[in-house]
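The values are calculated or read from the model by the stated rules, or taken from the named source; none is laboratory data. These numbers were taken from a predicted model, which means no experiment stands behind them. In this analysis, Cβ positions are derived from the backbone assuming ideal geometry, glycine residues included, and neighbour counts consider all displayed protein chains.
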């Protein structure tokens with residue numbers, strides 16, 4: 001079993017050596033000339049006969065090509081003027097950010113850029129220190145996932161640098177730290193219900209996108225949820241993921257009377273139903289037991305084999321921890337926790353005067369997600385589409401969720417803009433005033449809805465609508481240019 005013994009971030013004590021054999025050059029994430037073929041670079045570790053082949057892209061491109069949703073980000077602008085091919089010596093490492101069981105992460109910026117230039121996170125994997133063939137497969141999974149992602153709540157892979165026995169990924173830097181640290185600073189390690197709804201809604205969109213690409217994540221926990229500079233989330237760490245085929249399907253869903261009134265449908269033939277697009281890797285199957293033991297699903301613990309439903313079990317545990325400050329089946333030991341996952345009845349601690357109708361909806365959602373039979377688990381068949389419809393998320397404008405002011409917006413200190421880097425990130429707390437999922441209040445949301453153009457063309461409840469919204473906007477901007 002590859003279980004994480006604890007959930008503490010390890011402190012970093014060293015950087016990669018300043019002088020490296022940089023004969024292996026940078027490989028861009030994409031090029032202007034599209035091709036179905038890809039190349040790969042092979043590392044052979046001196047301690048093992050196992051070779052590590054990392055997926056890569058055309059190394060003949062001289063210009064980085066940004067992803068649609070982030071095409072106008074300052075990171076891409078900064079990289080457009082960087083040396084090509086980009087090498088590790090072109091980056092200035094500022095300080096360590098954290099480490100995992102396979103990698104170390106450093107804060108960095110381009111040496112050729114001014115101190116006010118955008119910051120990046122550099123994820124460094126020392127190929128020589130990977131302990132086993134399984135670890136090599138996890139690195140491959142990370143590389144494959146990062147190369148595929150294009151979503152506001154998932155990291156952008158700006159570059160991959162291969163230097164000697166180091167494999168490095170240049171990705172987004174999130175100054176707000178992780179959600180686990182944020183929880184620990186809250187009374188009783190709990191979030192207000194509205195804040196928990198906000199973070200779980202954005203994570204739900206990220207998981208929906210991953211599943212639409214065929215990725216089963218398998219590592220959801222607050223430590224892997226980072227807070228971006230604008231306060232929105234970013235899901236990280238994909239080394240435990242695996243990929244499976246996806247067959248998108250369109251379902252007709254009957255609406256109840258209340259939904260009919262909300263939709264205000266004009267067509268007499270379709271006023272009692274709507275189309276729902278579902279793209280879920282429902283044929284995914286694995287017998288690997290990986291992840292954090294408190295978040296493992298029953299089918300992973302028993303070794304019976306698991307599929308996409310493990311992510312929805314973990315989503316239920318995640319929401320439970322946000323609301324109650326601990327995971328539902330945690331025991332005094334790792335073995336006790338695993339037994340509890342299989343046998344213990346799900347219980348909800350009393351929160352006193354905070355028990356209301358909205359909390360009852362949250363408990364119902366968690367109970368449906370923590371169904372031990374994966375075939376009956378909410379989300380197993382129709383994925384995030386049916387989870388979105390749960391009353392707990394009523395009122396969430398899914399396609400406009402980035403217009404919502406997050407509960408916490410990190411403030412990057414001047415220290416990280418070029419000066420002394422010993423100061424920590426400060427945060428602007430809004431727990432008292434943040435209590436809804438509208439965009440700047442109903443008045444602000446109304447202004448957004450009344451805009452003519454691209455918003456009217458998007459089906460808000462369909463999978464991919466969030467990214468479809470951003471891509472459509474990018475295409476219009478390019479036409480104007």
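Data table
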| read-out | value |
| --- | --- |
| Filter pass, residue 317 being touching a strand residue (DSSP E or B) at 6+ places or on another chain (Cβ under 7 Å) and surrounded by 22 or more Cβ atoms within 10 Å (Cβ to Cβ) | no |
| For residue 107: the one exception among (1) part of a loop (DSSP other than H, G, I, E, B); (2) modelled with pLDDT of 90 or more | (1) |
| Which numbered condition residue 116 misses (of (1) modelled with pLDDT of 80 or more; (2) surrounded by 12 or more Cβ atoms within 10 Å (Cβ to Cβ)) | (2) |
| Within region 126-168, tally of residues that are closer than 15 Å to residue 237 by Cα and either in the same structural domain as residue 214 (by TED's automatic domain parsing) or part of a helix (DSSP H, G or I) (or both) | 14 |
| Counted residues, region 71-91 - those being under 18 Å from residue 157 (Cα atoms) and over 21 Å from the mean Cα position of the chain (by Cα) | 14 |
